[in-house]
1. Measure out, as a whole number of angstrom, how far apart the alpha-carbon centroids of the range 148-218 and the range 1-66 sit.
2. At 1.4 Å probe size, put ASP81, ASP197 in order of accessible surface, largest to smallest.
3. Measure of size requested: the Rg and Dmax of the chain, with Cα atoms as the atom set and Å as the unit; please supply both.
4. Carbon and sulfur atoms: what percent of the 1.4 Å accessible area of the chain do they account for?
5. Just to verify a number: what accessible area does PHE187 come out at with the full protein assembly present, 1.4 Å probe, Å² rounded to tens?
6. Give a residue-ordered list of calculated ³J(HN,Hα) values for the range 120-134 (Karplus: 6.51 cos²θ - 1.76 cosθ + 1.60, θ = phi - 60°; whole Hz; x for Gly, Pro).
7. Counting only residues 5 or more places away or on other chains, whose amide H sits under 5 Å from the amide H of GLY211 once H atoms are built in the peptide plane?
8. Taking only protein heavy atoms and a 1.4 Å probe, what accessible area per residue, in Å², does the chain have with all protein chains in place?
Amino acid sequence: MSARWQAVDAYIADKLLCADDALAATLANNAAKGLPPIDVSAAQGKMLFLLAQIAGARRILEIGTLGGYSTTWLARALPDDGELVTLELDAHHAAVARENLENAGVSAKVDIRVGPAATSLAAMISEAPFDFVFIDADKQSGAHYVGEAIRLGRPGTTIIVDNVVREGGVLDANSEDERIVGTRALFDRIAADPRLDATAVQTVGAKKWDGFMLARVR
Ligand code: SAH
Ligand code: DHB
Ligand code: MG
């Protein structure tokens with residue numbers, strides 16, 4: 001089935017997404033520099049762009065930069081004076097992302113902070129609230145990152161979490177895969193938090209069967 005899922009993603013991209021030299025260059029540079037091809041898909045990137053615009057986001061927080069593919073989509077949704085802070089553990093990933101964001105013409109809006117996201121987040125105390133948060137880093141820490149997103153947000157902040165279905169792996173209550181354990185802890189955390197309204201939507205496509213969580217701070 002996944003060949004057909006990929007063909008439909010190609011159809012969607014062909015019909016609804018413009019040819020995009022900067023993003024194609026980002027993916028090529030990522031591959032050339034040895035980054036894993038785990039960026040969001042083109043259709044998902046455009047969805048993030050649209051959701052950030054619908055939210056009227058002026059300040060965006062991203063956790064998990066990789067080569068800046070999703071970062072570029074999100075930065076493009078910002079007004080000229082908007083800001084995006086993106087957190088990345090791996091200095092090589094961050095260096096490649098810097099090149100890609102520069103090439104895409106969005107680097108002036110983007111602040112890449114290198115180090116464990118939990119450390120960078122803990123240091124964020126007096127920043128203006130974020131309007132939109134995209135969580136896409138280590139899947140073990142999703143519950144912690146959602147808590148930080150609430151702390152650094154405001155009523156109405158949009159929170160999106162990538163990879164919450166993992167080909168159905170989320171159902172495995174006895175999993176020893178810490179990414180699955182972490183994703184289940186994320187669902188438990190969100191289910192128990194009266195400050196959030198949330199759902200999750202399953203997706204198929206170029207990135208196989210997965211899904212994203214969508215939450216709004218009350
Ligand atoms: N959002 C990107 C993909 C991110 S892949 C896109 O769609 O284009 C996940 C990234 O999270 C990787 O670059 C990985 O190095 C980073 N990461 C993993 N653990 C992390 C941590 N503890 N803190 C910050 N980043 C982390
Ligand atoms: C994988 C996919 C992702 O979107 C991600 O953020 C991390 C890992 C994966 O397929 O392994
Ligand atoms: Mg992801």
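1. 19
2. Putting ASP81, ASP197 in descending order of accessible area: ASP81, ASP197.
3. Looking at the chain, its Cα Rg and Dmax stand at 16.5, 48 Å.
4. 56
5. Counting only protein heavy atoms, the figure is 70 Å².
6. These are the phi-based 3J(HN,Hα) values: 4, 5, 4, 7, 8, 10, 10, 6, 4, x, 8, 8, 8, 10, 10 Hz.
7. ASN163, VAL164, VAL165, ARG166, THR203
8. Numbers: 10560 Å² over 218 residues.
Result: 48 Å² per residue.
The values are calculated or read from the model by the stated rules, or taken from the named source; none is laboratory data. Everything numeric here is computed off the predicted structure, so don't read it as measured data. We work out accessible area using only protein heavy atoms, side chains counted, and drop any ligands, DNA or RNA first. Shrake-Rupley method; radii C 1.70, N 1.55, O 1.52, S 1.80 Å.
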